[in-house]
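The values are calculated or read from the model by the stated rules, or taken from the named source; none is laboratory data. What you are looking at is a predicted structure, and each value in this text was computed from that prediction instead of being measured. No Cβ is skipped: glycine too gets one built from the backbone with ideal geometry, and neighbour counts run over all protein chains shown. Keep in mind that these areas ignore ligands, DNA and RNA; they rest on the heavy atoms of the full protein, side chains included. Shrake-Rupley method; radii C 1.70, N 1.55, O 1.52, S 1.80 Å.
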Amino acid sequence: MRRKPSIPPAQPGLFENLDNFRERQNAGFELFPPDEMERIAAQHVKDTAIDEMAPLSPTDKIFFMSFGSGSSGNCSYIGDRQGGFLIDAGIDARKVTADLVRNGISTDRVMGIILTHDHHDHIAQAYQLLRANRHMRLYCTPRAFNGILRRHNISRRIKDYHVPVYKEFPFTMGNFTITPFEVMHDGADNAGFSITRGERSITIATDLGCISPRVDHYMRLADTIIIEANYDLGMLDNGAYPEYLKARIRAENGHLDNRVTASFLASIYTSRLRSVFLCHLSHDNNTPSTAFNAVADALAPIGITHIGNLMTSPADVIKPQINIIPLPRHDTTPLYSI
């Protein structure tokens with residue numbers, strides 16, 4: 001009798017579990033039973049003005065919120081007044097649900113999850129979110145999906161939710177058109193996403209080791225950019241990581257140095273670029289102020305000195321030329337109108 005093959009244990013990604021993580025800060029965070037969560041979500045939507053607004057136009061606002069960004073977990077939300085979707089699913093599903101509800105977004109307005117790649121900090125809670133919200137679908141390339149099944153101890157029922165997407169082939173969710181594109185990282189078939197709605201364009205590329213031609217192309221189309229600024233080279237070089245790991249982080253399929261990100265943003269800046277969210281900051285080899293200052297220093301020589309940082313001092317800069325926002329590793333941001 002042939003033995004049934006066992007499912008291999010989850011394998012960590014290259015850069016997972018390396019940082020000395022601090023505890024997540026969930027002050028005021030509550031967990032609700034499913035029935036209560038649905039009731040609260042419905043009441044929040046009823047109480048907000050979201051359903052009372054005029055019909056959407058191509059220039060209407062888009063909303064963005066990050067639930068955490070870094071090697072301990074990644075998940076964010078993009079939507080409009082009719083609905084939206086999650087990018088990655090590495091943050092506790094109950095926290096994501098409660099924070100959406102707290103901002104007047106019930107999960108029945110979340111159409112699906114798009115995955116950038118198969119590392120644990122981006123997919124750990126995907127099945128939990130899908131199982132609790134059976135209308136949602138999981139959008140990623142077939143190779144990325146196979147990487148999830150191969151590398152992680154995850155229910156094979158996740159196949160019921162998978163919608164295959166392909167790089168350079170747009171697909172739609174609600175009012176959004178989403179185009180996956182190639183990025184260089186050490187996962188299975190890593191993707192960035194160009195997200196358009198009417199005249200608006202958002203590009204996200206997290207976990208990448210270099211600015212490839214496709215990254216350059218789609219970043220230049222965007223008025224809002226979400227891009228990695230993982231490490232400060234000096235902090236990495238002088239830090240405690242072993243040399244082989246430092247080399248792998250610096251590699252073209254590793255992570256982005258602040259100065260590389262900053263120089264690139266300065267090279268593509270136009271007045272159309274409104275906001276830049278810096279994501280996936282390292283705990284050991286970076287700080288929010290270090291990443292912010294690197295970008296500000298790169299922009300100054302081209303005359304961009306009036307910079308807003310909505311995470312720290314939203315009232316300090318009136319009508320900034322651009323907003324630069326380092327995303328927190330563990331905490332949920334406000335729901336930004338971008």
Check your understanding: Here are some conditions: (1) exposed (fewer than 15 other Cβ atoms within 10 Å of the Cβ); (2) modelled with pLDDT of 95 or more; (3) assigned to a loop (DSSP other than H, G, I, E, B). ALA315 meets all but one. Which one does it not meet?
Key -> (2)
Exercise for review: Only one of these is touching a Pro at 6+ places or on another chain (Cβ under 9 Å), within 19 Å of ASP216 (Cα to Cα), open to solvent by less than 30 Å² (accessible area, probe 1.4 Å) and at pLDDT 95 or above: PHE264, PHE277. Name it.
Suggested key: PHE277
Practice item. Residues that are modelled with pLDDT of 95 or more and within 17 Å of the chain's Cα centre (by Cα): find the helices (runs of 4 or more DSSP H) completely inside region 173-259 holding 3 or more of those. Key: 213-220
Practice item. For region 140-170, name all the residues that are open to solvent by less than 30 Å² (accessible area, probe 1.4 Å) and in a strand (DSSP E or B). Key: CYS140
Exercise for review: Give me the pairs, please: first residue somewhere in region 178-192 and open to solvent by 10 Å² or more (accessible area, probe 1.4 Å), second residue anywhere and among the hydroxyl-bearing types (Ser, Thr, Tyr) and assigned to a strand (DSSP E or B), beta-carbon distance under 9 Å, and either six or more positions apart or on two chains.
Suggested key: THR179/SER194; THR179/THR196
